[in-house]
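What follows is a set of notes on a single structure, which appears directly below.
The values are calculated or read from the model by the stated rules, or taken from the named source; none is laboratory data. Predicted, not measured: the structure shown is a model, and the values here were computed from it. Here the Cβ positions follow ideal geometry from the backbone for every residue, glycine too, while neighbour counts run over all protein chains shown.
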Amino acid sequence: MRLALAADHAGFPTKQELVTYLKNRGHEVLDLGTHSTDAVDYPDSAEAAAGALKEGRAERAIIVCGSGAGVSIAANKIPGIRAAVCHDTYTARQAVEHDDLNVLCIGGRVVGLNVAQELADAFVGARFSGEPRHQRRLGKVLAIEARYLRA
């Protein structure tokens, strides 16, 4: 899978490890930075990763900040992005299967590296179920987004 990975300074160590881990598992990884622990603003990281999805350079994205919350909020401002903070594998998998999640947000200060790797595996290994009830619900989410884009 083609994955975009990005992080702010708080998420940098986890992101670096995930880049290597995911490449070793056969994924094509687009590393969008940051590339150090020097302070950067999380909205920039979120926009870089979400932008890669919108431009078709990646199929999904993983963004890491301190808690995962900031990058999730920022990424969800971009039309077509469905980002969620996931700190357990059930949510990382289920959000793809039921909600067509395309951006996994992780708190680098919340979960350890092993859990981050498990989250990444659950996220990239899951597929949207396409079941009618999930399609109906996703359609409602997309309709909400469309209404507010027109407003």
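When VAL111, VAL85, VAL103, VAL96 are screened for being more than 18 Å from ALA69 (Cβ to Cβ) and at pLDDT 95 or above, only VAL96 passes.
Here's the yes/no breakdown for (1) free of Cβ contacts under 8 Å to residues at least 60 places away in the same chain; (2) assigned to a strand (DSSP E or B); (3) not aromatic (Phe, Trp, Tyr):
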{"site": "ALA10", "(1), (2), (3)": "no, no, yes"}
{"site": "LYS15", "(1), (2), (3)": "no, no, yes"}
{"site": "LYS23", "(1), (2), (3)": "yes, no, yes"}
{"site": "THR37", "(1), (2), (3)": "yes, no, yes"}
{"site": "ILE62", "(1), (2), (3)": "no, yes, yes"}
{"site": "GLY70", "(1), (2), (3)": "no, no, yes"}
{"site": "PRO79", "(1), (2), (3)": "no, no, yes"}
{"site": "GLU97", "(1), (2), (3)": "yes, no, yes"}
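For segment 61-81, a residue qualifies if it is under 17 Å from LEU3 (Cα atoms) and surrounded by fewer than 21 Cβ atoms within 10 Å (Cβ to Cβ), and exactly one does: GLY80.
Among the residues of segment 137-151, those that are aliphatic (A, V, I, L, M), part of a helix (DSSP H, G or I) and more than 18 Å from HIS98 (Cα to Cα) comprise ALA146, LEU149.
For ALA52, state whether it is touching a Gly at 6+ places or on another chain (Cβ under 9 Å), part of a helix (DSSP H, G or I) and buried (at least 19 other Cβ atoms within 10 Å of the Cβ). So ALA52 does not fit the description; no.
For segment 115-131, the candidate set comprises residues that are among the small types (Gly, Ala, Ser) and outside any loop (DSSP other than H, G, I, E, B); within that set, the residue that is surrounded by the fewest Cβ atoms within 10 Å (Cβ to Cβ) is GLY125. So for segment 84-93 (the condition being without any contact (Cβ under 8 Å) to a residue 12 or more places away in the chain, crowded, with 16+ Cβ neighbours inside 10 Å, of a type outside the set (A, V, I, L, M, F, W, C) and out of contact with any Pro (no Cβ under 6 Å at 6 or more places or on another chain)), does at least one residue qualify? Yes, segment 84-93 contains at least one residue that is without any contact (Cβ under 8 Å) to a residue 12 or more places away in the chain, crowded, with 16+ Cβ neighbours inside 10 Å, of a type outside the set (A, V, I, L, M, F, W, C) and out of contact with any Pro (no Cβ under 6 Å at 6 or more places or on another chain).
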